[in-house]
Amino acid sequence: MPDTSSVVSVSSAASSLPLLKSEKIIFQTRPHFIIPFSLIFILWTVGGLFLWLMLKFGIINLIPRIPVRTIEIIYLGVFLFVGLVIFLSWLRTEYILTNKRVEWRFGIIGQGIISITLAQIQNIVLKISIMGMIFNFGNIKIEPAGITASINFSGISNPKSRKKQIEEAQI
């Protein structure tokens, strides 16, 4: 059983991370802001276009016994809810590197945490799309030795420097 007297709590803008004795945070970040906002923008654009087409061609009037205004409100409510879920998912996702481990925290209502010690890291894969090159974000996959679970830092900003920080922390 680990010595709990050596655990220190450090607060940040994102959340608190219990640290082990002599453990220091190298970086603590979220996915790039363009990821959730582009998803919300695309969702609302497609949804708005679809609603407009349904209104323009009278398709919405074919639904019996439900007033058009009620359908519009339900439709917009669903899209606002999905946009809120996307935003909260982004807000509750954290990527953390300390001098002893990497950690991925995620979840909207509950919280999932995947943590790998630096000594367990076998491979670090960096992928940057064309959009990522333009807006400076990418994906880092951290694969541990002997464990099937990997950590995916999806949409992380400054991916090349973050990968380098992980590699330097391993030394």
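Would it be correct to say that K100 is exposed (fewer than 15 other Cβ atoms within 10 Å of the Cβ) and of a type outside the set (S, T, Y)?
Values: exposed (fewer than 15 other Cβ atoms within 10 Å of the Cβ): no; of a type outside the set (S, T, Y): yes.
Taking the combined requirement at face value, the residue does not satisfy it.
Could you please tell me which pairs satisfy a Cβ distance under 7 Å, a separation of 6+ or placement on different chains, a first residue in region 102-120 that is within 21 Å of V82 (Cβ to Cβ), and a second residue that is among the aliphatic types (A, V, I, L, M)?
I108/V85; I108/L88
For the structure I just gave you, tell me whether E94 is under 13 Å from the mean Cα position of the chain (by Cα) and among the acidic types (D, E). Walk me through how you get there before you give the answer.
Working: under 13 Å from the mean Cα position of the chain (by Cα): yes; among the acidic types (D, E): yes.
Yes; evaluated as a whole, the condition is true for this residue.
Would you call L91 surrounded by fewer than 17 Cβ atoms within 10 Å (Cβ to Cβ) and over 30 Å from K160 (Cα atoms)? Quick ask: steps written out before the conclusion?
On the way: surrounded by fewer than 17 Cβ atoms within 10 Å (Cβ to Cβ): yes; over 30 Å from K160 (Cα atoms): no.
In short, no.
Within region 132-171, how many residues turn out to be more than 15 Å from V102 (Cα to Cα), part of a helix (DSSP H, G or I) and in contact (Cβ under 8 Å) with a residue 12 or more places away in the chain?
3
How about region 106-156: which of its residues are open to solvent by 80 Å² or more (accessible area, probe 1.4 Å), hydrophobic (A, V, I, L, M, F, W, C) and farther than 21 Å from L17 by Cα?
Those that are open to solvent by 80 Å² or more (accessible area, probe 1.4 Å), hydrophobic (A, V, I, L, M, F, W, C) and farther than 21 Å from L17 by Cα: I130, M131, M133, I134, F135.
The values are calculated or read from the model by the stated rules, or taken from the named source; none is laboratory data. Every value quoted in this text rests on a predicted model; they were computed, and no experiment measured them. Cβ: placed from backbone, ideal geometry, glycine included. Neighbour counts: every protein chain shown. Remember, those area values only see protein heavy atoms, side chains included, never the ligands or the DNA or RNA. Shrake-Rupley method; radii C 1.70, N 1.55, O 1.52, S 1.80 Å.
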